[in-house]
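What follows is a set of notes on a single structure, which appears directly below.
The values are calculated or read from the model by the stated rules, or taken from the named source; none is laboratory data. Remember, predicted model here, so these are calculated numbers, not experimental data. Cβ atoms come from the backbone with ideal geometry, glycine included; neighbour counts cover every protein chain shown. Calculation scope for accessible area: heavy atoms of the full protein, side chains included, ligands and nucleic acids excluded. Shrake-Rupley method; radii C 1.70, N 1.55, O 1.52, S 1.80 Å.
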Amino acid sequence: MHKLREALAAETREVQLEGEVEMDGAAFGGHVRPANEREKRVDRRLLANRSDKRRVVVVLRQRGGRTLTRSFFGEAQALEFARKSVAPGTIVSADEVTHWDRLEPDFDMRRVNHSEAYSRDGTHTNLAESYFSRLRRM
């Protein structure tokens, strides 16, 4: 598996996506099982009670093209990955998470607020969400 991962990383090292690119992140792993007895259970929403094994996978999907992924401790750490992997002037669709705001000087950012709509005026992250759906089923 190590050799396969190394080959995949080498193949995508210099790739730059262009045209229309969708960007999103999703958290995987690090599930904390609740204690058997109710008195010993902790609030797993609190940062102090979370597992340190949880990672965020960020996906960049070019519409009609390639898919690039990397894992990070937090989604905000993916800004340099996006700047390096997406050509300047590319149309980038993303959700309204505030850390993506820092990419607006570099790209033509199109944002969609998922609490209002999943797709609006051709702006969506459906390909990125589809990738995460398949990744979770694996």
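Looking at region 11-43 only, could you name the residues that are touching a residue at least 12 places away in the same chain (Cβ under 8 Å) and open to solvent by 100 Å² or more (accessible area, probe 1.4 Å)? Working first, answer last.
Initially, region 11-43 is screened for residues touching a residue at least 12 places away in the same chain (Cβ under 8 Å), giving 12, 15-32.
Correct list: Glu18, His31.
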Name, by its number, the condition in (1) open to solvent by less than 90 Å² (accessible area, probe 1.4 Å); (2) touching a residue at least 60 places away in the same chain (Cβ under 8 Å); (3) closer than 19 Å to Phe28 by Cβ; (4) charged (D, E, K, R) that does not hold for Glu75.
(2)
Find all pairs meeting these conditions: Cβ atoms under 8 angstrom apart; at least six residues apart or on different chains; first residue within region 55-67 and closer than 11 Å to Val21 by Cβ and modelled with pLDDT of 90 or more; second residue assigned to a strand (DSSP E or B) and basic (Lys, Arg).
Thr67/Arg61
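From the list Asp121, Asp101, Asp52, which residue is under 29 Å from Glu6 (Cβ atoms), open to solvent by 60 Å² or more (accessible area, probe 1.4 Å) and either touching a residue at least 40 places away in the same chain (Cβ under 8 Å) or not basic (Lys, Arg) (or both)?
Asp52
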